[in-house]
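A short worksheet on the structure shown next.
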Amino acid sequence: MKVFATYSIKGGVGKTATAVNLSYLSSLEGANTLVWDLDPQGATSFYFRIRPKIKGGGKRLIRGKTELDPLIKGSDFENLDLLPADFSYRNLDLFLDHTKKPGTRLKNLLRPLAAEYDVVFLDCAPNISLISESVFRAADALLVPVIPTTLSLRTLEQLAKHLRKHRLNIPVLPFLCMVDRRKKLHREICEQAGDSPYERAQAVIPYSSLVEQMGLRRAPLATYAHRSAPALAYRQLWGEARDLA
Amino acid sequence: MNLAEIAYAMDAESLPEVLERLGDRFRVRREASPESHRVYYDSFDWRIYNAGGRLSVRQMEGGVILRWEGDDDTLRHRQQLTAMPDFAWDLPAGGALRHDLTPVLKMRRFLPLVEVWRRAQSLRILDQEEKTVARVRLEQSFAARPGDGNRRALPSALLRVLPVKGYVAAYHRLVRFLEDDLGLASARQDELALALEAVDRVPGDYSSKLKMPLDPALRADEAAKSIFRSLLHIIEANEDGLRQDLDSEFLHDFRVAGRRTRSALSQIKGVLPATVVERFAAEFKWLGGATGPTRDLDVYLLKIPAYRAELPPAVRQDLEPLAKFLTARQRTAHRRLVTVLDSERYRELIRSWSEFLLQPFQAGQPDAAPPNAGQPILEVASKRIWKVYRKAIEEGGAIGPETPAEALHDLRIRCKKLRYLLEFFRSMYDEKVIGPLIKRLKLLQDNLGDFNDYEVQQDSLKEFAHQMMKSRKVPADTLMAMGRLVEHLEVGQAKERRRFHECFDLFAAKDNRRRFCQLFRPAGKGGRR
């Protein structure tokens, strides 16, 4: 079972679109794929048309009082399932704090699913916290969308520092997202490699209203625009990410 | 916890009406499903089917997906692979599928049984978010023998309910509508069985076991002929797979049927004309000799993984030159075997034996008939079995801890004759008595067989070593590794020798003797039931 985490310290950088689109591509290859929407805003669940509610709430889940499997819902697509978000996830850090070994909690919760799922995507809320720490320990690779601004690139530094400090040796794949080639700054950042602690993906996801439409259509991009530029970019990205884990 | 798929059988003509009524009751969206194609696989002798399994394979982009389902529609395993494996050992190491499939399939090859095409219309049942909460698929399936373009329709169309994980209430609502409102009845759909029916094949139509029930009152010569016909059928059935060297067991079953034929010819005495017996005993002996070398090499190639496992990990690869040597030899031997099958002598043997066996019984020739031909088979069989049993008891009883190996080999051969007889005539006797009796004999045979096999392996390894030295440079390390194996075999052989007495004692025990007496002892010596 390969576990990918879509992670970003900032919000609004295309994390959710990434989780939905890459997990869909994974399922198309025949791999049994699960997305766990860990963001209390429940955007990923919304895109999949699944109500952001889990029985017993996040507290029982993190405490290990509920098993994951009965909470999982099938998406509209073959081989693709979702563990929905719940509003109580806003307190996940609190719940984790009260458990033993919070760092490995997610990993342990995921372990029994290995028999059924080939690929798991953890879609994290944007922050650095106990929950993200648990995600880092559970994940086999981090996919980090980065919008092409200097501030964004700085957050990569912060991430690298944080991972080093906690001796977390997972592969990190940053990729440029929401790129608008009409903007000079975007073009420049795309061209230069810069002082990044990690090698960027070759794939670059362009800003596109087609991607924004995902919120209206509530479906993965490839189901309605699979030959568009952003769809091709996501395919390229998945090709690069898939072998990381 | 997963909701179960349910299948409902129905007429193809009712499909449009059902679609309409579903559309009236639920929020639905229709979509065409692409035609799916799958191939069912099994070994030549239906091992997976007999274990209650159904193995199907679908092509996907970049590979295949194997599904192993139970005959009750449960999914036991699902695995994605880059290519269709030929054997269980081609499956990814350490995987659950390989772990569960290997004891069932063993060394037999996956062979395609039947191809199935499913044409379907899909219906999505939606909730208020327009999320699919259940799916319904209406299917018409077609089957064909592998490579045969001629597709036949399966007997009925199907309505399948495909639950969406986690949507329990919607599932139950749908099922209630289909069963209560539309009156559909769910049926276990064994797609493989239906597909085979559509292409006129019967599951389990080949088995290497003799299963013919014999009428105890039947004339001995007719009974013997029916046994010979079953054995001939097995021989002929294996020819194709044998020619193509699909797996080692085609030759094995072929040879065992030939051996049983020879044994029956010599053990079922005075039932067929002496000239017939003499002629065909000689021809089957020739056939056994001509096919022997290939079988020996097959056996050693199958042993290689076990040999490797016996050696310390550091020296395992030293055995590779031996594996290469044996593989090359096997290929040559197999080519020679094919020329034997193509030979006039072989074709004539099969033709004339077949002709003889199909000759109807000609009454009215009492003088020419062999002495036991007209006796009821039960008499002839029991008498012979009793005689061979008594000899086995005598020979085995004379073996002490110091008796030379020769005596055990003789007993092994005696026991083999007894076993073949018991298997030929099993159906005529009370299974509750003959079953345990054969089990005890098998225990003894395993011991004698292993003891002999250890010795044969030692001799063979030494012979291979000599041959390898003659033909090309063989690494010293390989000879050393083979030497180690020989030593292990010596130890194994001694162990089996010590176990002989406990195995024979079980065979000769009072309770077993009673079984033999009950079934086979001739009347006048205590009577037979």
Item to complete: Report yes if A:A193 is outside any strand (DSSP E or B), under 25 Å from A:W36 (Cα atoms) and at pLDDT below 95, otherwise no.
Response: no
Worksheet entry | Pairs where the first residue, in the stretch B:90-103, is within 13 Å of another protein chain (Cβ to nearest Cβ) and without any contact (Cβ under 8 Å) to a residue 24 or more places away in the chain and the second is polar (S, T, N, Q) and not in a helix (DSSP H, G or I), C-beta under 8 Å, 6+ apart | B:P92/B:Q79; B:G95/B:Q79
Item to complete: For the stretch B:142-156, state whether one or more residues are touching a Phe, Trp or Tyr at 6+ places or on another chain (Cβ under 7 Å), without any contact (Cβ under 8 Å) to a residue 40 or more places away in the chain and within 11 Å of chain A (Cβ to nearest Cβ).
Response: no
Practice prompt. Might you let me know whether the stretch B:23-42 holds any residue that is in contact with a helix residue (DSSP H, G or I) (Cβ under 7 Å, 6 or more places away or on another chain), more than 29 Å from B:L178 (Cα to Cα) and more than 14 Å from every other protein chain (Cβ to nearest Cβ)?
Written response: yes
Worksheet, complete the sentence: By residue number, the members of the stretch B:269-295 that are surrounded by 16 or more Cβ atoms within 10 Å (Cβ to Cβ) and more than 30 Å from B:A220 (Cβ to Cβ) are B:A290, B:P293, B:T294, B:R295
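When the residues of the stretch A:44-71 are narrowed to those that are part of a helix (DSSP H, G or I) and touching a residue at least 60 places away in the same chain (Cβ under 8 Å), which ends up farthest from the other protein chains (Cβ to nearest Cβ)?
It comes out as A:T44.
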Practice prompt. Kindly list, by first and then second residue, each pair from a residue in the stretch B:63-85 that is within 11 Å of chain A (Cβ to nearest Cβ) to a residue that is part of a strand (DSSP E or B) and aromatic (F, W, Y), limited to pairs with Cβ atoms under 7 Å and residues at least 6 apart or on different chains.
Written response: B:H77/B:W68
Worksheet item: What are the residues in the stretch A:1-49 that are farther than 28 Å from B:E61 by Cα and among the acidic types (D, E), if any?
Response: A:D37, A:D39
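Going residue by residue through the stretch B:425-433, is there one that turns out to be within 26 Å of B:A220 (Cα to Cα), of a type in the set (D, E) and free of Cβ contacts under 8 Å to residues at least 12 places away in the same chain?
Yes, that holds for at least one residue.
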Fill in: A:L185 touching a Ser or Thr at 6+ places or on another chain (Cβ under 8 Å), away from chain B (no Cβ under 14 Å), over 25 Å from A:A43 (Cβ atoms) and assigned to a helix (DSSP H, G or I)
yes
Worksheet item: What number of residues within the stretch A:159-178 are more than 18 Å from the chain's Cα centre (by Cα) and in contact (Cβ under 8 Å) with a residue 60 or more places away in the chain?
Response: 0
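Consider B:G449 carefully, then state whether it is touching a helix residue (DSSP H, G or I) at 6+ places or on another chain (Cβ under 9 Å), among the small types (G, A, S) and within 18 Å of B:A381 (Cα to Cα).
Details: touching a helix residue (DSSP H, G or I) at 6+ places or on another chain (Cβ under 9 Å): yes; among the small types (G, A, S): yes; within 18 Å of B:A381 (Cα to Cα): no.
Considered against the rule, which asks whether it is touching a helix residue (DSSP H, G or I) at 6+ places or on another chain (Cβ under 9 Å), among the small types (G, A, S) and within 18 Å of B:A381 (Cα to Cα), B:G449 comes out as no.
Which fully enclosed helices (runs of 4 or more DSSP H) of the stretch B:212-323 have 3 or more residues being free of Cβ contacts under 8 Å to residues at least 40 places away in the same chain?
Filter on the stretch B:212-323 gives B:220-237, B:248-267, B:274-310.
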Practice prompt. Might you check whether a residue that is surrounded by 15 or more Cβ atoms within 10 Å (Cβ to Cβ) and in a loop (DSSP other than H, G, I, E, B) occurs anywhere in the stretch B:428-441?
Written response: yes
Worksheet entry | Flag if B:M468 is surrounded by 17 or more Cβ atoms within 10 Å (Cβ to Cβ), touching a residue at least 40 places away in the same chain (Cβ under 8 Å) and not charged (D, E, K, R) | yes
Worksheet entry | Meets criteria (away from chain A (no Cβ under 14 Å), surrounded by fewer than 18 Cβ atoms within 10 Å (Cβ to Cβ), assigned to a loop (DSSP other than H, G, I, E, B) and at positive phi) for B:G183 | yes
Item to complete: State yes or no: is B:P370 modelled with pLDDT under 95, buried (at least 16 other Cβ atoms within 10 Å of the Cβ) and of a type outside the set (S, T, N, Q)?
Response: yes
Worksheet, complete the sentence: Counting only strands (runs of 3 or more DSSP E) entirely within the stretch B:1-99, those with at least 3 residues that are within 19 Å of the chain's Cα centre (by Cα) and modelled with pLDDT of 90 or more are B:28-42, B:53-60
Worksheet, complete the sentence: Expected single match for of a type outside the set (G, A, S) and closer than 26 Å to A:G74 by Cβ among B:P203, B:P155, B:P146, B:P163 is B:P163
Discussion item. Filter the stretch A:21-43 down to the residues that are within 14 Å of chain B (Cβ to nearest Cβ) and not in a strand (DSSP E or B) and list them by number.
Written reply: A:L25, A:S26, A:S27, A:L28, A:E29, A:G30, A:A31, A:N32, A:G42
Practice prompt. Report, by residue number, each residue of the stretch B:163-180 that is surrounded by fewer than 20 Cβ atoms within 10 Å (Cβ to Cβ) and within 14 Å of chain A (Cβ to nearest Cβ).
Written response: B:K165, B:V168, B:A169
Worksheet item: For A:A115, are the conditions met, namely being within 14 Å of chain B (Cβ to nearest Cβ) and farther than 26 Å from A:R218 by Cα?
Response: yes
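Checking the condition touching a Phe, Trp or Tyr at 6+ places or on another chain (Cβ under 8 Å) and within 14 Å of another protein chain (Cβ to nearest Cβ), which residue from B:V133, B:V116 passes?
B:V133
The values are calculated or read from the model by the stated rules, or taken from the named source; none is laboratory data. Fair warning: this is a prediction, and the values are worked out from it, not measured in the lab. Virtual Cβ from ideal backbone geometry, glycine too; neighbours counted across all protein chains shown.
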